[in-house]
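Asks: Encoded as structure tokens, here's the structure I'll be asking about.
Each value in this text was obtained by applying a stated rule to the coordinates, not by laboratory testing. Everything quoted here is computed from the prediction, not taken from an experiment. Using ideal geometry, Cβ is built from the backbone for each residue, glycine included, and neighbour counts are taken over all protein chains shown.
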Amino acid sequence: MKKLIVLAAAATALMTSACVTVIDGDSDWSWHGEGAQAFDGARDECRQRGDEHSTAFVTCMADKGWVRS
């Protein structure tokens, strides 16, 4: 029984790790992250490098696993 629980936990972890998160999906510019750092934390840290339309901000977000499309 213990092996079954461990197997179920491992399967759940694998299934959720492949999920893609989309932020602001209704706008023309959506952020997509796969295995990315938490969005709010990444955004707050990157705002210190520049406004949300600057190259520095977009590069910082990409370093944290978020891309805009």
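Asks: Taking the Cβ of GLY35 as the center, what net charge do the other residues with Cβ under 14 Å away carry, scoring Lys and Arg +1 and Asp and Glu -1?
Replies: Here the charged neighbours net out to -1.
Asks: A further question on this structure: Less than 15 Å Cβ to Cβ from GLN48, Lys/Arg counted +1 and Asp/Glu -1: what total charge do the surrounding residues give?
Replies: Counting the neighbours of GLN48, the net charge comes to -2.
Asks: Subtract the Cα-Cα distance of ALA56 and ARG68 from 0.36 nm times their separation in residues, and report this length gain in nm to one decimal.
Replies: 3.0 nm
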